[in-house]
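Peer 1: The structure's right below; bear with me while I get my questions together.
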Amino acid sequence: MALIDLHKREIHCKIVYYGPGRCGKTTNLFYIYNAISEKYRGKLLTIETKGDRTLFFDLLPINLGKIHGLDIRIQLYTVPGQAHYRATRKLVLKGVDGIVFVADSLRKRREKNIQSLLDLKNNLKEYGLSLEEIPLVFQYNKRDLVAANIPLLTIEELESDLNQELKVPYFEAAAVKGIGVFETLREISKRTVKYVARKYIFAQKTAKAQGGIL
């Protein structure tokens, strides 16, 4: 559930970039961070792990409005993709409000994508959440490598492997070049804010019915 800072009149929406190791999660966040003015973003925090990294920063989007008079602050996280960091991934997902699943388009990474999505489902289940209810978009990264004659999965294959049942929006991307990065962020931000607003209004109504104050 989103965090509410009544002192600053802000509601914090947590978006996590999930996916297999080296799929481009950190590349997305670095590109976003470097492209946004300092006055709209917080400090970039990095936790180094062997062969992977966990990143975090927050930003104040200027085009998402407010939730019941509260300013919206988007918190962006990545998770380490390596298999042995499952406990860390689960911890980062705590309190998540929206997810970007970054899939690796390299054909040799096909099984890693599928395993990572299953890992995500299992971790969410332990928090009482599911992919069907939480805001989610897919990003199919490294599409620029098709010009280098590197074997890539087709969009149809990626959709069949990952999005056949969920049928959520997807974006083709080349995160290292910034292609598809902000399109992905805009879509998940809009979906997440709507999701958080619904939960916030429901919580307010419940508190009022019980004679409490939220």
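The values are calculated or read from the model by the stated rules, or taken from the named source; none is laboratory data. Just so you know, these numbers come straight off a predicted model, no measurement behind them. With ideal geometry, Cβ positions are generated from the backbone for all residues, glycine too; neighbour counts draw on all protein chains shown.
Peer 1: Considering only residues that are among the small types (Gly, Ala, Ser) and buried (at least 16 other Cβ atoms within 10 Å of the Cβ), which ones fall in region 96-142?
Peer 2: Answer for region 96-142, where residues must be among the small types (Gly, Ala, Ser) and buried (at least 16 other Cβ atoms within 10 Å of the Cβ): GLY98, ALA103, SER105, SER116.
Peer 1: Exactly one condition in (1) surrounded by 15 or more Cβ atoms within 10 Å (Cβ to Cβ); (2) within 22 Å of the chain's Cα centre (by Cα) is not met by LEU152; state its number.
Peer 2: Answer for LEU152: the failing condition is (2).
Peer 1: What pairs can you find where one residue is in region 133-148 and under 18 Å from GLY21 (Cα atoms) and modelled with pLDDT under 95, the other is surrounded by 24 or more Cβ atoms within 10 Å (Cβ to Cβ) and of a type in the set (A, V, I, L, M, F, W, C), and their Cβ atoms are less than 7 Å apart, with a gap of 6+ or different chains?
Peer 2: none
Peer 1: Moving to a separate point now. Are any of the residues in region 160-174 surrounded by 18 or more Cβ atoms within 10 Å (Cβ to Cβ) and either without any contact (Cβ under 8 Å) to a residue 12 or more places away in the chain or among the small types (Gly, Ala, Ser) (or both)?
Peer 2: Yes, region 160-174 contains at least one residue that is surrounded by 18 or more Cβ atoms within 10 Å (Cβ to Cβ) and either without any contact (Cβ under 8 Å) to a residue 12 or more places away in the chain or among the small types (Gly, Ala, Ser) (or both).
Peer 1: Touching a helix residue (DSSP H, G or I) at 6+ places or on another chain (Cβ under 6 Å) and either aromatic (Phe, Trp, Tyr) or modelled with pLDDT of 95 or more (or both): which single residue out of ILE114, ILE67 fits that description?
Peer 2: The match here is ILE114.
Peer 1: With respect to THR88, is the statement that it is in contact (Cβ under 8 Å) with a residue 24 or more places away in the chain, within 19 Å of LEU185 (Cα to Cα) and of a type in the set (S, T, N, Q) true?
Peer 2: No: the conditions fail for THR88.
Peer 1: Identify, by number, the condition in (1) under 15 Å from the mean Cα position of the chain (by Cα); (2) over 20 Å from GLU183 (Cβ atoms); (3) modelled with pLDDT of 95 or more; (4) β-branched (Val, Ile, Thr) that THR54 doesn't meet.
Peer 2: (3)
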